[in-house]
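This report concerns only the one structure given below.
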Amino acid sequence: MLFARFPEGKYGAFELRRHKKGDEKELAANINDKSVSKYTSRIPFPYSLSDAKSWIKHCSGENKKRKIKELNLAITIKGEVAGGISLFNLEGHKAEIGYWIAKKYWSRGIMTKAVGIVSRFGFSGLKLKRIYAPVFYHNDASSKVLENNGFVIEGIMKKHYLKNGKFYNAKMYAKVR
């Protein structure tokens, strides 16, 4: 199911759609990159085809639920699964946003545009009042994406993440309506 299409332009053409069976190989190929996984809390490295199959199965199950608990979308570029964006931990008036994009598509503004689209949907379609994103402290690219979409830093969370046996601080970003 197509969620949004952004035609050719400043950001390049891409689509946001639900994940589907058949996405597994492209998903695994594009996400299985240490530099993609480095600043994410939920993406392991290495990321196997089995991981991709589990994720697609999870998304398929979520799509069948009457009450939305999370929204997981694939970012496709020329038909290729090149990234993902999610609203998750939906609890009443608030949700967390998370995202990734394949390294070959970094610095093109695609994620900035995708975060804007999904945030607007969260506020208007899901009637959220708060969307938040804890970001690894040194993840300047993600901080810029959020700041470009009107998110502001609410504080620093010490030792918020434990990844690969090491603790990391996080900046808590949020946008409210």
For this session: Whole Å is fine, so just give me how far the alpha carbon centre of the stretch 15-48 lies from that of the stretch 95-162.
Result: 17
For this session: State the extension gain, in nm to one decimal, for the chain segment bounded by LYS34 and VAL152, taking 0.36 nm per residue of separation less the distance between their alpha-carbons.
Result: 39.7 nm
Exercise. If you plug each phi of the stretch 71-80 into the Karplus form 6.51 cos²θ - 1.76 cosθ + 1.60 with θ = phi - 60°, what whole-Hz ³J(HN,Hα) values come out, in order, with x for Gly and Pro?
Worked result: 10, 10, 10, 8, 9, 10, 10, 6, x, 8
Exercise. Per 10 Å bin, what is the whole-percent P(r) computed from every C-alpha pair distance within the stretch 56-134?
Worked result: 17, 49, 29, 4
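Taking Cα atoms of the chain, Rg/Rh with Kirkwood Rh, to two decimals?
Numbers: Rg = 15.4 Å, Rh = 16.5 Å.
That ratio is 0.93, to two decimals.
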Exercise. On full extension of the chain, what length is gained from ASN164 through HIS58, given 0.36 nm per residue of separation minus the C-alpha to C-alpha distance?
Worked result: 35.8 nm
Problem set entry | Amide H partners (placed H, <5 Å) of ARG18, local residues excluded | PHE3, ALA74
Seminar exercise, completed: FRET efficiency (PHE123, LYS65; Cβ distance; R0 22 Å; to 0.05) is 0.55
Seminar exercise, completed: Those helices of the chain passing the 24 Å axial Cα length cut-off and the mean Kyte-Doolittle cut-off of 1.6 (DSSP H runs only) are none
Exercise. How high is the relative contact order of the stretch 2-129, given as a whole-number percent (alpha carbon pairs under 8 Å, six or more residues apart)?
Worked result: 24
Exercise. Once every DSSP H run of n ≥ 4 in the chain is given -39500 (n - 2.57) and the sum is divided by its residues, what mean residue ellipticity at 222 nm do you get, rounded to the nearest 500 deg cm²/dmol?
Worked result: -8500 deg cm²/dmol
For this session: Anything over 30 Å Cα to Cα? Flag those among LYS64/LYS166; LYS38/LYS78; LYS25/LYS175, in the order listed.
Result: LYS64/LYS166; LYS25/LYS175
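Write down Rg/Rh for the stretch 87-166, rounded to two decimals, with Rg from the C-alpha atoms and Rh from the Kirkwood relation over Cα pairs. Display every interim value, and only then the final one.
Numbers: Rg = 13.4 Å, Rh = 13.7 Å.
Using only Cα positions, Rg/Rh for the stretch 87-166 is 0.97.
Just so you know, all these numbers are worked out from the coordinates, no wet-lab data involved. On a predicted model such as this, the values are computed, not experimentally measured, just so you know. Every residue, glycine as well, gets a Cβ built from its backbone with ideal geometry; the counts of neighbours run over all protein chains shown.
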